[in-house]
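First comes the structure, then the notes that go with it.
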Amino acid sequence: MHTNNTNFIKGNYTLKNVRLETGFISDETGVIGTKTELFSIEIKDGKIEKITKNDPQLANAIDAKGLLMLPSFKDMHIHLDKTLYGLPWQALSPKRKSVADMIAYEQEIIPELLKTSIKRAEQLISLLQNYGTTFARTHFNVDTTSGLRSLENLEIALENKKRIFWSRISSFSSAWFILYRFCTINGRSCKIG
């Protein structure tokens with residue numbers, strides 16, 4: 001269920017018409033499906049307090065409209081800092097075949113991407129949330145072109161979403177270490193990453 005209302009995420013509320021898996025459907029070949037039923041769910045301090053038989057008449061409950069409830073997802077490898085999300089479509093170029101090609105390409109585009117990277121990172125976080133992701137292990141670029149600006153912009157975007165999205169940040173500088181023996185900028189990258 002998508003909602004723009006984040007006030008109730010950690011509060012107290014009740015959901016009705018929530019679909020949960022209750023068992024499996026099997027035949028002679030094995031499991032062929034799942035059984036589901038509708039339930040009402042009480043939330044207290046952002047955690048499930050009680051699951052009860054569905055009461056579709058609950059007046060103050062949020063109606064899940066029969067949608068399947070799943071646990072939140074974690075994205076364990078994403079680059080929120082240099083996303084192209086929100087920009088016009090760009091096809092993959094056959095000119096970028098090697099790590100060196102990609103580094104050269106990023107040196108060219110990252111300064112321009114940084115101008116709008118906070119907004120685009122926030123948009124990508126919203127997209128992730130719409131599909132159930134509440135945590136991401138995100139990388140940031142460390143390079144001679146942008147210094148730590150990718151990290152600084154990423155930190156702003158994550159700070160703006162911290163009430164409703166959790167993260168862990170890792171530096172992405174292995175290609176620079178290999179090709180340029182580039183270890184750190186102001187000593188900060190190695191401490192973070």
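The values are calculated or read from the model by the stated rules, or taken from the named source; none is laboratory data. Computed from a predicted structure; not experimentally measured. FYI the Cβ positions are ideal-geometry reconstructions off the backbone, even for glycines, and counts take in every protein chain you see.
Find the residue count for the range 30-79, including only residues that are over 27 Å from I164 (Cα atoms) and either over 28 Å from the mean Cα position of the chain (by Cα) or in a loop (DSSP other than H, G, I, E, B) (or both).
Total satisfying the criteria: 11.
The residues on offer are M69, M76, and the sole one that is aliphatic (A, V, I, L, M) and loosely packed, with under 13 Cβ neighbours inside 10 Å is M76.
Can you name the residue in the range 61-90 that is touching a His at 6+ places or on another chain (Cβ under 9 Å) and of a type in the set (A, V, I, L, M) and, of all such residues, is farthest from I156 (Cα to Cα)? Ranking the qualifying residues of the range 61-90, first place goes to I78. Every condition in (1) at pLDDT below 95; (2) not in a loop (DSSP other than H, G, I, E, B) is met by W89 except one, and the failing one is (2).
Counted as qualifying within the range 95-191 are the helices (runs of 4 or more DSSP H) with 3 or more residues that are at pLDDT 85 or above and not acidic (D, E), namely 99-113, 117-130, 149-160. Looking across the range 98-121 at every residue that is of a type outside the set (A, V, I, L, M) and crowded, with 18+ Cβ neighbours inside 10 Å, the one that is farthest from I164 (Cα to Cα) is identified as E106. Cβ separations smaller than 8 Å between residues 6+ apart or across chains give the following pairs from the range 90-103 residues that are more than 21 Å from D143 (Cα to Cα) to residues that are hydrophobic (A, V, I, L, M, F, W, C) and surrounded by 12 or more Cβ atoms within 10 Å (Cβ to Cβ): Q90/L84.
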